[in-house]
Amino acid sequence: MTTSPYSASPDAAAAARLAITMGDACGIGPEIVARWWVDQATPSAVVVGDPAVMTRAIGWVAPGRVAVQALSSPHEAWALPAGTMGVWAPPGMPADLVAAPVGQVDERAGRAAAACIREAVRLARSGEVDAIVTAPLHKEALALAGEPYPGHTELLQAEGAAPGEPPAPVRMMLANDQLKTVLVTIHVALRRAIEQVTLPAVLETLRITHRAAATWGVASPRIAVAGLNPHAGEGGLFGDEELTIIGPAIEAARAEGIDAHGPVAPDTVFMRARHDPPAHPGEFDVVVAMYHDQGLIPVKYMGLDQGVNVTLGLPFVRTSPDHGTAFDIAGTGQADASSFAQAAAMARRMVAGRRAAR
């Protein structure tokens, strides 16, 4: 295992420019961005969001510590002095967003969050920024705004496609210092998720995971593949997906030079992969899980303050904290920015890894 995936070198940190989306304006997104910014000596970032909302957030977490500068163009952020946060409001932002009630679902917040993501993607695709770090949005607010996407991953996939080309396959990874897990299926009902566990889907997940690992410093990752059923099917006694779908996908991946192992019983695979040296060196570098909760519960149980959500397969780097909008504490200044800080550091490390792999 390599060093922590969140420890970017000073050169990488200085070189990687980040687009920070503020997330749902009614949740803790603006506050964790503000708190992270206060703690950074040289953020090298531009906030894509609403200047009034970000000014309010600074007032909640660190009054007077940071000045907010509304930008007419995102590139103006790179010339701002230390202690000044550059905030660029993209097209499509509601004029009265700061009036949306904090701690409640609001259509305006969903519309603003989607507009920020779309423009951050444009900045990344054009090379104006090196990576995107997204603060949490609210899926219900996104739906109220008329967005057809259930979350960040699906919206980023659609927006990340080149004009005239279909979206590339992407996968969600949740990671911390001890465990990384990549999902075959994401935001669908469990019944549908089981139906979507197909040989092509598992094999594509293995390919995406293998390619992406170089960006966090593992050129030939040891990939454990979780079974779908209890005890990985117990030889077909508890379901045959391991025999007919997952096992053949692993064999096909291995034929391509991918170091894939399994199917491994899902109730032990995460314990075996957890890397906590010297007492517990992990047997694997990453786990491929079949559905959302199978893969995310183990990582989140280890601590929301350390987890990072990464979208693999995009033509740019995108990370985010692994928690939601926390409406219950929004506006109180209590939000913990640890996971967001980890996400920003992970983004910079992955940018450096992509450059080194070219």
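Scan the stretch 177-186 for residues that are under 14 Å from the mean Cα position of the chain (by Cα) and either open to solvent by 30 Å² or more (accessible area, probe 1.4 Å) or of a type in the set (Val, Ile, Thr) (or both) and report the count.
Of the residues in the stretch 177-186, 3 are under 14 Å from the mean Cα position of the chain (by Cα) and either open to solvent by 30 Å² or more (accessible area, probe 1.4 Å) or of a type in the set (Val, Ile, Thr) (or both).
Condition first: under 17 Å from Arg222 (Cβ atoms), among the charged types (D, E, K, R) and touching a residue at least 40 places away in the same chain (Cβ under 8 Å). Now tell me which residues in the stretch 234-258 satisfy that.
Scanning the stretch 234-258 gives a single hit, Glu256.
Just wondering, is there one or more residues in the stretch 46-61 that are touching a residue at least 60 places away in the same chain (Cβ under 8 Å), among the aliphatic types (A, V, I, L, M), closer than 20 Å to Glu119 by Cβ and crowded, with 18+ Cβ neighbours inside 10 Å? So that I can check it myself, show each step before the final result.
The first filter runs over the stretch 46-61 and keeps only residues touching a residue at least 60 places away in the same chain (Cβ under 8 Å), leaving 46, 48-50, 60-61.
Now restrict to residues that are among the aliphatic types (A, V, I, L, M): 46, 48, 61.
The next check asks that each one be closer than 20 Å to Glu119 by Cβ; those that pass are 46, 48.
Within this subset, residues satisfying the condition of being crowded, with 18+ Cβ neighbours inside 10 Å are 46, 48.
So far as the stretch 46-61 goes, yes, one or more of its residues are touching a residue at least 60 places away in the same chain (Cβ under 8 Å), among the aliphatic types (A, V, I, L, M), closer than 20 Å to Glu119 by Cβ and crowded, with 18+ Cβ neighbours inside 10 Å.
Suppose the filter is over 21 Å from Gln40 (Cα atoms) and surrounded by fewer than 21 Cβ atoms within 10 Å (Cβ to Cβ); does Ala326 pass it? Outline the logic, then answer.
Values: over 21 Å from Gln40 (Cα atoms): yes; surrounded by fewer than 21 Cβ atoms within 10 Å (Cβ to Cβ): yes.
Yes, satisfied.
Going residue by residue through the stretch 159-176, is there one that turns out to be under 17 Å from the mean Cα position of the chain (by Cα) and farther than 30 Å from Glu251 by Cα?
Going through the stretch 159-176, the residues under 17 Å from the mean Cα position of the chain (by Cα) turn out to be 159-160, 168-176.
Filter once more, keeping what is farther than 30 Å from Glu251 by Cα: 159-160.
Checked against the condition, which is being under 17 Å from the mean Cα position of the chain (by Cα) and farther than 30 Å from Glu251 by Cα, the stretch 159-176 yields at least one hit.
Just one of (1) in a strand (DSSP E or B); (2) surrounded by fewer than 18 Cβ atoms within 10 Å (Cβ to Cβ) trips up Asn309, so point out which.
Answer for Asn309: the failing condition is (2).
Which one of these is open to solvent by 10 Å² or more (accessible area, probe 1.4 Å), in contact with a strand residue (DSSP E or B) (Cβ under 7 Å, 6 or more places away or on another chain) and either among the polar types (S, T, N, Q) or more than 12 Å from Leu174 (Cα to Cα) (or both): Gln294, Gln334?
Every option except Gln294 fails the conditions.
Quick check on my filter: what residues within the stretch 286-306 are out of contact with any helix residue (DSSP H, G or I) (no Cβ under 7 Å at 6 or more places or on another chain), farther than 15 Å from Val225 by Cα and in a loop (DSSP other than H, G, I, E, B)?
Listed by number, the residues that qualify are Met302, Gly303.
Of all the helices (runs of 4 or more DSSP H) wholly in the stretch 9-113, which have at least 2 residues that are closer than 18 Å to Pro321 by Cβ and of a type outside the set (S, T, N, Q)? If you could, list the steps in order and put the result at the bottom.
Values: elements: 10-15, 29-39, 51-61.
Those helices (runs of 4 or more DSSP H) span 29-39, 51-61.
Regarding the stretch 108-115, can at least one residue be identified that is within 21 Å of Cys26 (Cα to Cα), open to solvent by 60 Å² or more (accessible area, probe 1.4 Å) and more than 23 Å from the chain's Cα centre (by Cα)?
no
Please enumerate the residues belonging to the stretch 292-315 that are closer than 22 Å to Leu203 by Cβ and in contact with a Leu (Cβ under 7 Å, 6 or more places away or on another chain).
Of everything in the stretch 292-315, those that are closer than 22 Å to Leu203 by Cβ and in contact with a Leu (Cβ under 7 Å, 6 or more places away or on another chain) turn out to be His292, Gly295, Leu296, Thr311, Leu314.
Being of a type outside the set (Lys, Arg) and within 26 Å of the chain's Cα centre (by Cα) narrows it down to one residue among Pro278, Pro248, Pro266; which is it?
On the way: Pro278 fails: within 26 Å of the chain's Cα centre (by Cα); Pro248 fails: within 26 Å of the chain's Cα centre (by Cα).
The conditions single out Pro266.
Scanning for something touching a residue at least 40 places away in the same chain (Cβ under 8 Å) and open to solvent by 40 Å² or more (accessible area, probe 1.4 Å), does the stretch 147-154 turn up at least one residue? Write out each step before concluding.
Of all residues in the stretch 147-154, those touching a residue at least 40 places away in the same chain (Cβ under 8 Å) come to 152-153.
Next, only the ones that are open to solvent by 40 Å² or more (accessible area, probe 1.4 Å) stay: none.
No, there is no match, as no residue in the stretch 147-154 is touching a residue at least 40 places away in the same chain (Cβ under 8 Å) and open to solvent by 40 Å² or more (accessible area, probe 1.4 Å).
Taking helices (runs of 4 or more DSSP H) that fall entirely within the stretch 195-285, which contain at least 1 residues that are in contact with a strand residue (DSSP E or B) (Cβ under 6 Å, 6 or more places away or on another chain) and open to solvent by 60 Å² or more (accessible area, probe 1.4 Å)? Steps first, answer last, please.
On the way: elements: 199-212, 247-255, 269-273.
In the stretch 195-285, 247-255 are the helices (runs of 4 or more DSSP H) which contain 1 or more residues that are in contact with a strand residue (DSSP E or B) (Cβ under 6 Å, 6 or more places away or on another chain) and open to solvent by 60 Å² or more (accessible area, probe 1.4 Å).
The values are calculated or read from the model by the stated rules, or taken from the named source; none is laboratory data. The structure displayed is predicted, hence computed values, not measured ones. Positions of Cβ are generated from backbone atoms using ideal geometry, with glycine treated the same way; all protein chains shown enter the neighbour counts. Just the protein is used for accessible areas: all its heavy atoms, side chains included, with ligands, DNA and RNA removed. Shrake-Rupley method; radii C 1.70, N 1.55, O 1.52, S 1.80 Å.
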